[in-house]
1. Is the shape of segment 569-723 best called rounded, prolate or oblate, per the rule: a/c under 1.5 gives rounded, else a/b larger than b/c gives prolate, else oblate, with a ≥ b ≥ c the square roots of the Cα gyration tensor eigenvalues?
2. Out of these labelled values of Cα extents along the principal axes in Å, (1) 87, 75, 61; (2) 85, 72, 62; (3) 108, 78, 70, which was calculated from the coordinates shown here?
3. Specify whether the C-alpha gyration tensor of segment 169-298 places it in the rounded, prolate or oblate class, a ≥ b ≥ c being the square roots of the eigenvalues: rounded for a/c under 1.5, otherwise prolate if a/b is larger than b/c and oblate if not.
4. Find out how many positive minus negative residues lie around GLY674, taking Lys and Arg as positive, Asp and Glu as negative, among other residues whose Cβ is under 14 Å from that of GLY674.
5. Describe numerically, in nm with one decimal, the distance between label points set 7 Å from Cα along Cα→Cβ at LYS253 and at VAL547.
6. Once the piece of chain linking GLU569 and ALA141 is laid out straight, how much longer is it, given 0.36 nm per residue of separation minus the C-alpha distance between them?
7. Under a point-charge model restricted to the Cβ atoms of Lys and Arg (+1) and Asp and Glu (-1), what is the dipole moment magnitude of segment 209-312 relative to its Cα centre, in debye to the nearest 20?
8. What FRET efficiency comes out for GLU686 versus ASP149 if R0 is 60 angstrom and r is the Cβ-Cβ distance? Round to the nearest 0.05.
Amino acid sequence: GLEEGAKNQFSTFSNFITTINQKKEGIGNRNSPTQLVIPNIKNGRDLPALCLDVRQKQRLSMETLPQELKAPFPPEPSLPIRTKTVKDFQDDMEKSKASGDWKAVHNFYSTTFDSFLEINAAFKKDTNSPFNTIEDSGIDAKFVNVVYDALLTTPQDVQKSVLKGIINGLLQEWTGPRTKDDLRAYCILLQNPQFSNTSTYVIYAHLLRQIAALTEADHHFLVHWSKKISQKRFKQVVERLLQFISLRLFPAKPEEFPPMVKCTWWIPSATKVLSLFNAANSLISPPIISYTDFYNSTLDHIDLMEEYHNWQCYGNSHRFSFCQYPFIISIAAKKVIIQRDSEQQMISIARQSLVDKVSRRQKPDMNMLFLNVKVRRTHLVSDSLDELARKKADLKKKLKVTFVGEAGLDMGGLTKEWFLLLIRQIFHPDYGMFTYHKDSQCHWFSSFKCDNYSEFRLVGALMGLAVYNSITLDIRFPPCCYKKLLSPPIVPCDHNTLVGICGVTLDDLFQIMPELAHGLSELLSYEGNVEEDFYSTFQVFQEEFGVIKSYNLKPNGDKIPVTNRNRKEYVQLYVDFLLNKSIYKQFAAFYYGFHSVCASYALLLLRPEEVEILVCGSPELDMSALQRSTQYEGYQKTDPTIRYFWDVVLGFSLDLQKKLLHFATGSDRVPVGGMADLNFKISKSETSTNWLPVAHTCFNQLCLPPYKNKKELKQKLIIGISNAEGFGLE
């Protein structure tokens, strides 16, 4: 860290910066604090853009910008001549460490960071080349890394000189659009490791503010340049930005920072800059870092519903909300938002039902407040389909399930059982709705044509009900399915609009039918004559109920040969046919079923991968984590029975561990928050040790008799968890 004197010095710089900014605002409001424009939520998932300088009349979309921008740019000013190389710098560092004389190093750092021009003079690969393309930033990344790695090992006066120089650069008067040299300087300064120290946050905030207020054309360049940064440096910048946001929200020492009312633009600016790195990360496949590395867990502790309501209610205002930038919100936080939004919808629907009943002078009863599903185990699918079809108006009420002929009361356990059994039957190969692909170990929609697609709508409604009622399902759909489910995330008002259609690639097909995808990949890389050797046309064949049917991929496709020139088009049309067109009616029914229950603006916050986690939970079982979070009633964790229990369970096969989880909780999947979110409890059962264990799945509770030895406990436990279907009352 920097010494106390440095902190005082930075405070002076902060006041100086504030004074300059106030003068600028008084003149023409050219550097006003960053504000955010929230788009109309109904328009979809577009992220908002920052309000820019009043001189900027027209906005450009980052997605629609051409590769080379044709707008005129100001000429690059001539750069000073700097000839120091990486080797020269490293030699200077070695000499300074040996002699204790840091003059040469001090001069290099103070000169290099004194202005944006000097930064370019030092780190631009060729000062005579403009480097005006998105493909090459012209930055000597190796030199930048070496200089920054050495910086924190230098004396304090050297580090202070760098910060003084950065302030000089930030305070320069800009008279027009930024040059590419300016953008290069911003890209280099963002990687400065000094900004991990809270004493530099005032300077860091002004740097972020200037970057956030750049035009979208400039952001376009920064995004493409950022994706060329090494994974290590990229992740460090992201972590630095996340830390900045966290410490501004919850400062360890509030006196270190200006009052929040005077720097409300800090967090919006940092979040906008972070969005540029998120955009850069999404441009590369595979991404530089995982999308989860952009999560800020600090946001789990703020008022998420206020953020959500601000986003919903002030869609066309300048009010900032983290929901505008959903990549920063963790899946756990998004789950909380969706759960509370679901609860509010449930309460609203139940209240309306009550009001309607009273207005008709009818006697209200408790059943009207729930979605009551009554089914026979022997007719599970047909009964469920009939119940959900008859009670469409009640789908957003709290779900309660009754199995005919059984005395179980649904406090959550019967609901879990109903989901599990229904999914098991619907996805059975004999049922014909879905095809199981062994190579990818996932299900995909059957392309067989039929007269009624209501059962696909039922499966979609089941998934929606699971999310709505916080139930995890054992469904193995490929990631592509969840991408289609969010296409679009809000059901369009125009029923003629196509739904469930998304851009698909060969990578998506690899996740479902890897063998076929491999064959198409071989076709693309084939070096011979495709037309003569493959003798294929733009036509595909499928077997339906024993009959081979042909489909043209384009008009007159059966007469168009596949050649070396058009094979890419053929592969793309083939993939689109398999994943979109051939199953359109099936998936559309599935889509509408899901959104009939889960119609919520909260879906706009989710990535396809996050929808999958909400629906399916995690298949990874960590029984040691479950052991650490288990609560006990009537037992202590050191009691012999409990020690026997965990010795046995930790030694179980994965299949038996899943059976135990299903026996005790009604599901063999782990919820979003991990094993700790199960609130698993082991209670002492004051019964004979001849009895089997009993579970209350509504409360994730296992009642365990005090078995006398490990062998007896293991025997009774395996019998209990292996024969656990049906409910009764003691």
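1. Here segment 569-723 falls in the prolate category.
2. So the calculated entry is the one marked (1).
3. Note, shape of segment 169-298 comes out oblate.
4. Its environment carries a net charge of -1.
5. 8.0 nm
6. 150.3 nm is the gain from fully extending GLU569 to ALA141.
7. 540 debye
8. Computed FRET efficiency for GLU686 and ASP149: 0.35.
The values are calculated or read from the model by the stated rules, or taken from the named source; none is laboratory data. What you see is a predicted model; the values in this text were computed from it and never measured. All Cβ positions, glycine included, derive from the backbone under ideal geometry; neighbour counts span all protein chains shown. Each accessible area value is taken on the protein alone, full model and side chains, heavy atoms only, with ligands, DNA and RNA left out. Shrake-Rupley method; radii C 1.70, N 1.55, O 1.52, S 1.80 Å.
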